[in-house]
Structure formats: structure tokens, C-alpha cells
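Contents: one structure, followed by commentary.
The values are calculated or read from the model by the stated rules, or taken from the named source; none is laboratory data. As the structure is a computational prediction, the values presented were derived from the model and not from experiment. Here the Cβ is made from the backbone with ideal geometry for all residues, glycine too, and neighbour counts use every protein chain on show. Protein only, heavy atoms only, side chains kept; ligands, DNA and RNA dropped before computing areas. Shrake-Rupley method; radii C 1.70, N 1.55, O 1.52, S 1.80 Å.
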Amino acid sequence: MHGLVNRSFQNFLRDTYGSALWESVVHLAELPPQGFEALLTYDDRLTEAMIGAASLRLGKPRDALLEDFGIYVAGREGLRRLLRFGGADFIDFLYSLEELPGRAKLAVPDLILAEMTLSHASPGRFIISFRGGHSSLAHVMCGILQAMADDFGALALITATGDAAAVQVDLIEASYAVPRDFALSLPDMP
């Protein structure tokens, strides 16, 4: 797993649950004591051990923890900006997901994301299928998509399929709430 992902999960645990929880996860999962370096690559077993230990320590189902992680990373301004470039509204954003691996590669050249395919199953229902990637991707994407639906002011029910190879998005209302402000340029710094 790319160190950027592991480091992001480490930051999520620290920011959300505190340093004591992170230290207990490090001990239980036998992780590197200094944590993860964002520019390195780590064995997937370390990632799985970290997720499993955090789930155990928190008494929270793995899938729910991964969705919370997705919400957390989508709220980080850098990733939020990258995702918001996908469209003017949530539907445009969904259609842009197939381009996301390429956009991510521009930002982090050695980060490999799963190939994503969007299909429009029925009015208001979209299916995002994954080819390749980590088994946790569908649950993380559920969190990312929920955060982005909120960001765009859309009301949607987002669930991973039973085999976690796809995510189903049921768009209930595209303009449910006022979207968060977004501008292509960064605000002027004082």
C-alpha cells in the first residue's frame, strides 16, 4: 500500500480518536513506531493489521471505520479540491470518477488507484465498479462519495455491494441543500 494512504489513515485515527488510540494500534498491530512515511510503499499486511487493530480497539465494524476514513479524507482541502474539479454538480462529479485515477496520478505519480467504471442503472441509480485496487476501496469510496454528495448539496444513499467490488449510489435529490462554496482559485493569503 502506498505510504500516503497509510499515513492518511494514521492521521485520521490521531485526529479523530487521539494519540493514545494511535499508540495502542501501533502496539497491537506491530506497526513501525515512527508511523508511516507518505512517500514509501508498505506491505498490504501492515495496512490490514492497522485497520484490524483500529477496528478492534474502537469496537467499530471495519466497513464503518473505512467509510468514516473516506469522509475524513474527502474533507481534507487538497483532496476535496481535486474531487471538486470533477464537475459543477454531484451528477457531473459521478461521471468524472472514471478520470479520477489519472488525476490522482498527476498529483502523486506512483499512486495507483483502481480503475473505475460508472454505469447508470436506472433513473437516479448509479453503479461504480472497481477493477483492481485494495479490498477496502469500496467502503472508503462510500465515505468519499457521501462527503462529496454533502459538499454538492445532494441527498444520496450510498452503499457498497455485498462483494465490495462496486458502490451503488441512489440519488434521492440532486439539489437538496445549499452546496459548499468552491472556487477554482485559492483565496488570497493575508
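Within the option set Arg57, Arg76, Arg80, being under 14 Å from the mean Cα position of the chain (by Cα), open to solvent by 50 Å² or more (accessible area, probe 1.4 Å) and charged (D, E, K, R) holds for one residue only, Arg76.
So that you can scan it fast, the table gives a plain yes or no per residue for (1) farther than 20 Å from Arg84 by Cα; (2) in contact (Cβ under 8 Å) with a residue 12 or more places away in the chain; (3) part of a strand (DSSP E or B); (4) open to solvent by 40 Å² or more (accessible area, probe 1.4 Å):
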position	(1), (2), (3), (4)
Leu111	no, yes, no, no
Ile127	no, yes, yes, no
Val140	no, yes, no, no
Met148	no, yes, no, no
Leu157	no, yes, yes, yes
Asp170	no, yes, yes, no
Ala177	no, yes, no, yes
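Of the residues Ala38, Ala20, the single one that is surrounded by fewer than 16 Cβ atoms within 10 Å (Cβ to Cβ) and touching a Leu at 6+ places or on another chain (Cβ under 6 Å) is Ala38. Scanning region 113-125 for residues that are open to solvent by 30 Å² or more (accessible area, probe 1.4 Å) and not hydroxyl-bearing (Ser, Thr, Tyr), we see that the one that is farthest from Ala174 (Cα to Cα) is Leu113.
Hey, among Ala38, Ala74, Ala104, which residue is of a type outside the set (D, E, K, R) and more than 30 Å from Val178 (Cα to Cα)? Going through Ala38, Ala74, Ala104 in turn, the sole match is Ala38. Scanning region 129-138 for residues that are open to solvent by less than 30 Å² (accessible area, probe 1.4 Å) and part of a loop (DSSP other than H, G, I, E, B) turns up just one, Ser136.
Quick grid of which residues meet (1) at positive phi; (2) of a type in the set (A, V, I, L, M); (3) in contact (Cβ under 8 Å) with a residue 24 or more places away in the chain:
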position	(1), (2), (3)
Ser19	no, no, no
His27	no, no, no
Thr47	no, no, yes
Ala54	no, yes, yes
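Restricting region 113-125 to residues that are part of a loop (DSSP other than H, G, I, E, B) and among the aliphatic types (A, V, I, L, M), which is farthest from Gly78 (Cα to Cα)? That would be Ala114. Of all residues in region 83-100, those being open to solvent by less than 40 Å² (accessible area, probe 1.4 Å) and touching a residue at least 12 places away in the same chain (Cβ under 8 Å) number 8. Annotation: Ala104 fulfils all but one of (1) within 15 Å of Val5 (Cα to Cα); (2) within 14 Å of the chain's Cα centre (by Cα); (3) at pLDDT 95 or above; the unmet one is (3).
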